[in-house]
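Read-outs: derived from the displayed coordinates by stated rules, not from any lab. Because the structure is predicted, anything quoted here is derived from the model rather than measured. Quick reminder, even Gly has a Cβ in these numbers, built from the backbone with ideal geometry, and neighbours come from all protein chains shown.
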Amino acid sequence: MKLFDTHCHFETCDTEEVSAILLRAKEAGVESLTAVGGSEDLNKCALFAAELAAAKEGMPLVKCALGYDRGQTGCARPDIPADAKLAAWGEIGLDYYYSPETRAQQLKLFGEQLEEARRRNLPVIIHTREADEDTLALLKEVPSRGIIHCYTGLPQSARAFLDAGFFISFSGIITFRLADNVRESAAVVPDDRILIETDSPFLAPVPMRGKKNEPSFIRHTCAFLAEKRGMSPEDFATLTYANAERAFS
Ligand SMILES: [Zn+2]
């Protein structure tokens with residue numbers, strides 16, 4: 001089985017800890033993963049994981065995405081070098097569930113981040129929660145390509161993001177008992193646009209709930225969605241792997 005975790009975070013630059021996570025991923029069949037930033041610290045750790053994997057034998061392929069997310073409106077946002085080797089820009093986006101009070105600042109930052117991705121000719125990784133209308137409106141202003149990650153929105157918004165050319169990625173949330181709405185949304189995503197991710201270290205899928213999530217757990221989300229789509233886990237892994245390679249190309 002050849003799996004691609006399209007979205008995970010590293011919260012440490014500890015060589016031993018990061019190596020162990022990456023080796024467990026490789027053992028579980030994760031050939032590739034994307035280490036995603038979003039803040040000064042997450043950016044640092046994502047780069048660290050990518051460099052570590054590149055320097056050591058027997059590691060999965062680690063792609064890197066850097067950028068500034070909705071929580072960084074009032075934070076230091078050091079320039080990211082123009083020559084950083086990136087597969088995507090992110091995560092970026094809007095969250096009105098947790099932070100409705102910073103809507104205006106989030107919109108401004110999200111717009112700037114979309115422009116930055118366009119200047120660098122990179123796909124974007126977008127977080128959108130209770131903000132789909134604003135997200136879609138901004139994507140009309142700044143045409144972009146990429147991924148709507150950890151999708152938990154409505155099927156009709158999923159269709160709108162698909163119409164805009166985006167891939168849609170599902171995390172372990174889809175395995176949660178109360179996530180019928182997420183399963184309904186996944187059902188409208190065609191085979192050539194669906195991705196899977198852990199969004200680790202949070203949101204461990206069933207049957208690992210309560211544990212600290214990590215890329216090796218992607219196999220559970222893969223198996224769950226494969227069954228929903230009437231496919232074998234192997235075939236669904238192959239399909240989502242090929243999609244991820246296109247999304248990050
Ligand atoms: Zn994330």
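Check PRO155, PRO233 and return the single one that is surrounded by fewer than 24 Cβ atoms within 10 Å (Cβ to Cβ), touching a residue at least 40 places away in the same chain (Cβ under 8 Å) and more than 18 Å from the chain's Cα centre (by Cα).
PRO233
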Residues of segment 145-164 being under 24 Å from THR198 (Cβ atoms), among the hydrophobic types (A, V, I, L, M, F, W, C) and more than 16 Å from the ligand (Cβ to nearest atom), which ones? LEU154, ALA158, PHE161, LEU162
CYS222 is checked against (1) among the hydrophobic types (A, V, I, L, M, F, W, C); (2) within 16 Å of the ligand (Cβ to nearest atom); (3) crowded, with 22+ Cβ neighbours inside 10 Å; (4) closer than 16 Å to ILE173 by Cα and fails just one. What number does that condition carry? (2)
Quick one: in segment 1-22, of everything that is in a loop (DSSP other than H, G, I, E, B) and surrounded by 21 or more Cβ atoms within 10 Å (Cβ to Cβ), which residue is nearest to the ligand (Cβ to nearest atom)? HIS9
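On the given criteria, is ALA25 away from the ligand (no atom under 16 Å from the Cβ), surrounded by 23 or more Cβ atoms within 10 Å (Cβ to Cβ) and either of a type outside the set (Ser, Thr, Tyr) or closer than 22 Å to GLU141 by Cβ (or both)?
Values: away from the ligand (no atom under 16 Å from the Cβ): yes; surrounded by 23 or more Cβ atoms within 10 Å (Cβ to Cβ): yes; either of a type outside the set (Ser, Thr, Tyr) or closer than 22 Å to GLU141 by Cβ (or both): yes.
In short, yes.
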Output yes when any residue across segment 42-51 is assigned to a strand (DSSP E or B), within 16 Å of the ligand (Cβ to nearest atom) and either exposed (fewer than 15 other Cβ atoms within 10 Å of the Cβ) or under 15 Å from the mean Cα position of the chain (by Cα) (or both), and no when none is. no
Can you tell me which residue in segment 125-144 is nearest to the ligand (Cβ to nearest atom), limited to those that are surrounded by 15 or more Cβ atoms within 10 Å (Cβ to Cβ) and in a loop (DSSP other than H, G, I, E, B)? ALA131
Given (1) surrounded by fewer than 20 Cβ atoms within 10 Å (Cβ to Cβ); (2) touching a residue at least 24 places away in the same chain (Cβ under 8 Å); (3) under 29 Å from SER144 (Cβ atoms), VAL206 misses just (3)
Kindly indicate whether THR102 is among the hydroxyl-bearing types (Ser, Thr, Tyr), surrounded by 18 or more Cβ atoms within 10 Å (Cβ to Cβ) and either within 16 Å of the ligand (Cβ to nearest atom) or not in a helix (DSSP H, G or I) (or both). no
